[in-house]
Amino acid sequence: MNKPVKVLFAGIARYFGDYNRVVSLGVACLKAYVDSQFSADAVQAKTVNILDNNTAYLLSEIKQFAPDIIGFSCFLWNVDFIINVCRELKKNNPSIKIFLGGPEATGRRISLLKDCSADAVIIGEGEGPVKDIIERFIQHKDWNGIRGVILPSYTDEQSEKELPQILPLEMLPSPYLSKNALGTAMQSKMFYPFETMRGCPNRCSYCMWTTLGAKSVRYFPIERIKAELEWMTENTPDTYIFVADSDTFANRERAMSLAPLFLKAADEGRLKFIFQTNLKSWNKELMQAYNHPSVELNVGINTLNPKVQQLFGRVYTKEFVEENLRKLYEYAPRTKVLIQMMYACPKETFADFCAFFDWAWSIPYFDKMFFHTQLLSGSRISGMRKELKLTSRKKPPFYITSTAECNEQEIKTEEIMILCTAIWMCNPHTEHLFRRFVDEYCNKSFSLAFLKVWTALSSVEHNTILDFLTYLDSGADRLPDDFQLDVLHDFFVDKNLDLQALFNSANRRTFYAYTISSYLEKFCDIKMRGVLL
Ligand code: SF4
């Protein structure tokens, strides 16, 4: 009798605040599906979920399990690490088969295979292609011609034309309810991605999923969602659930029927839910149904600039946004809302951004967050880079560094403005000073206030802040966006910290945040009392 084929699915997560156990969902879904399709005599599948590019641990797991096939789930924050691991694995064991999936593999397609020594890229959803490649492996056949799979021998044209496999969701077992699919021990204080649906009807030009033909939306059965939430309530209480749907609320009727399930899990399991959504999805009844302190809505506003909205394919007026944010505040006052916006956008001047920044900070309620616009491989705006005169970083996260309308220096200033204002406004010790400065000396303009403070700082002070930015911005696994989140979630506001102990600890971000906020506080104070009053 033949030995079972061994398949290892490797997920590599990234830092998320003090919730230090993030689970990669994709690899768990693959393991659950493979277990449902093959007998244990034919295939032995295993998931390994690691944090922070821990090479030693990953290599020891690989050595111990000795897989025939390894699959990696590639994201912006881990793809460079995975490329290096692939090269290393192939050097030491050329017969091992490696496939790459996930958003970065889907966007980069054959160009990713040219960067490393992997055997295949899977585009889109992985369950169907993974089953096919394992079947072919068992039959000693090659992987040529499997739908959704790109091989190094394919031409660029073949690679571009390859279409994903899309299976009915009823066929897919739950990664949470299937035995050992998650690849990590159960405990509280986890951070789980979670799906209630797949597909997206929108066509945002900065998103790579729009090129996959996944416009039709499919839903997981409500009974499965109920069972998964009950499992989490029981097994991993006090956990963050990141609902990775394109927009759970776009189908209002379904969102209404899911509300009691989510809220029950929030009350009984202390689960906290983070949803991505669009203001267009909401009405009064839905807002009231999700009015709960354990619900966080990440509302994608992106921009109010009509030219940028047209380019991005997300158009709504300022009046519509203001009216619906107001309603959200009125009908769901207990719900945490984070308004998500973008900077370094094509077709936006520095002055346009400053006006948008002022608008954002004029919204009296809700947290705010600004994302640096990225040129994601496979997205439509990435294909328009020449036409739009865009430059970007060569490495993930592919931030836009200049546009036809904004030079590098201006985009850097936008970034520093966002970061410093976030620190000032999220720290109670500086908030009142900065707000007074904005109101009394800058005609209520946050951007003008920042520019005044920035201009008045010495070169030493500039360098301190720029060093901090460089520290935060030193790779796709460490981003200023994460820091904004830390600040918003109050991870660092503690005036009784032991600075020396903090400096010596691994949590250098907290140290920087603390010292810079104290320093800016001192600066604001001097300006307010001494120079400007
Ligand atoms: S960014 Fe979100 S809403 Fe837009 S196309 Fe992508 S998944 Fe859909």
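The values are calculated or read from the model by the stated rules, or taken from the named source; none is laboratory data. Here the structure is a predicted model, which is why all the values come from computation and not from measurement. Quick reminder, even Gly has a Cβ in these numbers, built from the backbone with ideal geometry, and neighbours come from all protein chains shown.
Examine region 190-204 for a residue that is assigned to a loop (DSSP other than H, G, I, E, B), in the same structural domain as residue 87 (by TED's automatic domain parsing) and more than 16 Å from the ligand (Cβ to nearest atom), and state whether such a residue exists. The answer is no, given that none of the residues of region 190-204 is assigned to a loop (DSSP other than H, G, I, E, B), in the same structural domain as residue 87 (by TED's automatic domain parsing) and more than 16 Å from the ligand (Cβ to nearest atom). Is region 389-408 home to any residue that is out of contact with any Asp or Glu (no Cβ under 6 Å at 6 or more places or on another chain), over 25 Å from residue 14 (Cβ atoms) and at pLDDT below 95? So far as region 389-408 goes, no, none of its residues is out of contact with any Asp or Glu (no Cβ under 6 Å at 6 or more places or on another chain), over 25 Å from residue 14 (Cβ atoms) and at pLDDT below 95.
Considering only region 146-157, I want to know if a residue exists there that is within 15 Å of the ligand (Cβ to nearest atom), over 25 Å from residue 231 (Cα atoms) and either assigned to a loop (DSSP other than H, G, I, E, B) or in the same structural domain as residue 106 (by TED's automatic domain parsing) (or both). No, the conditions are met nowhere in region 146-157. For region 278-296, the criterion of being closer than 13 Å to residue 366 by Cβ and not in a helix (DSSP H, G or I) is met by at least one residue. Working carefully through the options 299, 315, 295, find the one that is surrounded by fewer than 18 Cβ atoms within 10 Å (Cβ to Cβ) and among the hydrophobic types (A, V, I, L, M, F, W, C). Of the residues listed, the single one that is surrounded by fewer than 18 Cβ atoms within 10 Å (Cβ to Cβ) and among the hydrophobic types (A, V, I, L, M, F, W, C) is 315.
Under the condition of being under 23 Å from residue 389 (Cα atoms) and more than 18 Å from the chain's Cα centre (by Cα), the residues counted in region 356-379 number 1.
Which residues, taken from region 183-201, are surrounded by fewer than 16 Cβ atoms within 10 Å (Cβ to Cβ) and not basic (Lys, Arg)? Full working, then the answer.
Just the residues of region 183-201 that are surrounded by fewer than 16 Cβ atoms within 10 Å (Cβ to Cβ), to begin with: 185-189, 201.
Answer for region 183-201, where residues must be surrounded by fewer than 16 Cβ atoms within 10 Å (Cβ to Cβ) and not basic (Lys, Arg): 185, 186, 187, 188, 201.
Would you mind finding the one in 70, 83, 96 that is within 19 Å of residue 151 (Cα to Cα), in the same structural domain as residue 25 (by TED's automatic domain parsing) and buried (at least 22 other Cβ atoms within 10 Å of the Cβ)?
The conditions single out 70.
Consider region 324-354 and keep the residues that are assigned to a helix (DSSP H, G or I) and more than 26 Å from residue 489 (Cα to Cα). The one that is nearest to the ligand (Cβ to nearest atom) is 352. For region 252-275, a residue qualifies if it is buried (at least 18 other Cβ atoms within 10 Å of the Cβ) and closer than 23 Å to residue 323 by Cα, and the qualifying residues are 255, 274, 275.
Per the conditions (1) modelled with pLDDT of 95 or more; (2) in contact with a strand residue (DSSP E or B) (Cβ under 9 Å, 6 or more places away or on another chain); (3) outside the structural domain of residue 484 (by TED's automatic domain parsing), the sole criterion not satisfied by residue 384 is (2). From the residues in region 233-247 that are touching a helix residue (DSSP H, G or I) at 6+ places or on another chain (Cβ under 6 Å) and not acidic (Asp, Glu), which one is farthest from residue 176 (Cα to Cα)? Only one residue fits best here, namely 237. Each residue in region 161-190 was checked for being in contact (Cβ under 8 Å) with a residue 40 or more places away in the chain and over 24 Å from residue 131 (Cβ atoms), and 5 of them qualify. When you check residue 332 against the structure, is it buried (at least 18 other Cβ atoms within 10 Å of the Cβ) and either of a type in the set (A, V, I, L, M) or modelled with pLDDT under 95 (or both), yes or no? Here the answer is yes, as residue 332 does meet what is asked. Against the criterion of being aliphatic (A, V, I, L, M) and without any contact (Cβ under 8 Å) to a residue 24 or more places away in the chain, residue 146 qualifies.
Which residues, taken from region 453-470, are within 33 Å of the chain's Cα centre (by Cα), within 17 Å of residue 414 (Cα to Cα) and of a type outside the set (S, T, N, Q)? Answer for region 453-470, where residues must be within 33 Å of the chain's Cα centre (by Cα), within 17 Å of residue 414 (Cα to Cα) and of a type outside the set (S, T, N, Q): 453, 454, 462, 465, 466, 467, 468, 469. Taking (1) closer than 30 Å to residue 237 by Cβ; (2) more than 16 Å from the chain's Cα centre (by Cα); (3) crowded, with 22+ Cβ neighbours inside 10 Å in turn, residue 12 satisfies each apart from (2). Scanning region 253-295 for residues that are basic (Lys, Arg) and within 16 Å of the ligand (Cβ to nearest atom) yields a total of 1.
Of the residues 525, 486, only one is among the acidic types (Asp, Glu), in contact with a helix residue (DSSP H, G or I) (Cβ under 8 Å, 6 or more places away or on another chain) and modelled with pLDDT under 65; which?
Working: 486 fails: modelled with pLDDT under 65.
Residue meeting the stated conditions: 525.
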